[in-house]
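**Student:** Please read through the structure below; I'll follow up with questions.
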Amino acid sequence: MRAELINPFMRSLQKTFTTMLNCPVRRTSLMVKEDCRACHEVSGVIGLTGKAVGAVVLSLSREVALKAASTLLCTEMSDVNEDVLDAVGELTNMVAGGAKAELEEFQLAVSLPNVITGKQHEVHFPSNVVPISIQFTCDWGDLSLEVGLALLPDAERTSASTKQLVEQST
């Protein structure tokens, strides 16, 4: 997957955690995702369609999910309940929405977020998509961002033509 498709999601995650939660995140590693198991216990999943198809997964450790929900809801959360799941869904939506704004040329539409919980739960990407897993850490614990997008054939041509025009005009 191309860096210009991944970087908007990383920037959006960093911005969301810094501005909405006052909790900066630091990237620790990046790798090709080789299995379907989520990295952490709570995962927000959003499908993406348009001139590219795929999904984004925000996977949070239990501790990060609870602290993030507590911060968003201005009340202490001690158990992963419906409010925490809603907060994780909303965070995932913010991350996807921020990235979508940077990827205008692909005319992406985002689905409603789904939130999956449980140790070793699985998240499946479309069969033609190879997701990238970016690991982060923050003062609350660990989290990961998984992004998998496949450009549709027309988008490949459009993206290449746009790059050529930009290069010719400089």
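**Student:** Tally Lys and Arg at +1 and Asp and Glu at -1 over the other residues with C-beta under 13 Å from the C-beta of GLY54: what net charge comes out?
**Tutor:** +3
**Student:** Then there's this: So, taking all protein chains as they sit and a 1.4 Å probe, how much accessible area belongs to VAL115, in Å² rounded to tens?
**Tutor:** Rounded to the nearest 10, that gives 50 Å².
**Student:** Could you order MET77, MET94, MET20 by accessible surface area, starting with the largest, using a probe radius of 1.4 Å?
**Tutor:** From most exposed to least exposed: MET20, MET94, MET77.
**Student:** If you don't mind, another one. Test of understanding: express the Cα radius of gyration of the range 1-111 as a ratio to 2.2 N^0.38 Å, with N the residue count.
**Tutor:** 1.07
**Student:** Mind listing the long-range amide H neighbours of LYS33? Cut-off is under 5 Å, sequence gap 5 or more, other chains count too, H placed in the peptide plane at 1.01 Å from N.
**Tutor:** ILE132, SER133
**Student:** Remind me, relative contact order of the chain in percent, using alpha carbon pairs under 8 angstrom and six or more residues apart?
**Tutor:** Taking the mean separation of contacting Cα pairs over the length of the chain, I get 35 percent.
**Student:** Now for a separate question. Excluding ligands, DNA and RNA, what is the solvent-accessible area per residue of the chain at a probe of 1.4 Å, expressed in Å²?
**Tutor:** 51
**Student:** Compute the normalised compactness of the range 1-66: alpha-carbon radius of gyration over 2.2 N^0.38 Å, N being the residue count.
**Tutor:** Relative to the rule-of-thumb radius for its length, the range 1-66 sits at 1.19.
**Student:** Across bins of 5 angstrom width beginning at 0, how are the C-alpha pair distances of the range 64-155 distributed, in whole percent?
**Tutor:** P(r) over the range 64-155, rounded to whole percents: 2, 11, 17, 24, 20, 13, 8, 4, 1, 0.
**Student:** Could you give the size of the charge dipole of the chain about its Cα centre, using +1 on the Cβ of each K and R and -1 on the Cβ of each D and E, expressed in debye and rounded to the nearest 20?
**Tutor:** For the chain, the charge dipole is close to 440 debye.
**Student:** So between VAL32 and THR49, what do we pick up on full extension, going 0.36 nm a residue minus the alpha carbon distance?
**Tutor:** Difference between extended and current length: 4.0 nm.
**Student:** With unit charges on the beta carbons (Lys and Arg positive, Asp and Glu negative) and the dipole taken about the Cα centre of the range 32-162, which residue among LEU143, LEU103, VAL45 sits farthest to the positive side?
**Tutor:** Value computed over the given set: LEU103.
**Student:** Quick one: accessible surface of SER43, probe radius 1.4 Å, all protein chains present, in square angstrom to the nearest 10.
**Tutor:** Looks like 0 Å² after rounding.
**Student:** On to the next question. Percent of accessible area on the chain owned by carbon and sulfur, 1.4 Å probe?
**Tutor:** Answer for the chain is 50 percent, counting heavy atoms of protein chains only.
**Student:** In whole Å, what are the extents of the range 102-151 along the principal axes defined by its C-alpha atoms, from largest to smallest?
**Tutor:** Cα spread of the range 102-151 along its principal axes, largest to smallest: 35, 24, 22 Å.
**Student:** Name the trypsin sites (Lys or Arg not before Pro) in the range 1-110 that are in a loop by DSSP and that have at most 12 other C-beta atoms within 10 Å, would you?
**Tutor:** Sparse-neighbourhood loop trypsin sites (Lys or Arg not before Pro): ARG2.
**Student:** OK, next. Sum -39500 (n - 2.57) across every DSSP H segment of at least 4 residues in the chain, then divide by the residue count to get the 222 nm mean residue ellipticity, nearest 500.
**Tutor:** Helix-only estimate at 222 nm: -13500 deg cm²/dmol.
**Student:** Which value, in Å² and to the nearest 10, is the accessible area of GLU122 when all protein chains are kept and the probe is 1.4 Å?
**Tutor:** Counting only protein heavy atoms, GLU122 exposes about 100 Å² to solvent.
The values are calculated or read from the model by the stated rules, or taken from the named source; none is laboratory data. Since this is a predicted model, take the numbers as computed values, not measurements. Backbone-built Cβ (ideal geometry, glycine too); neighbour counts: all protein chains shown. For accessibility, only protein heavy atoms count, side chains too; no ligands or nucleic acids. Shrake-Rupley method; radii C 1.70, N 1.55, O 1.52, S 1.80 Å.
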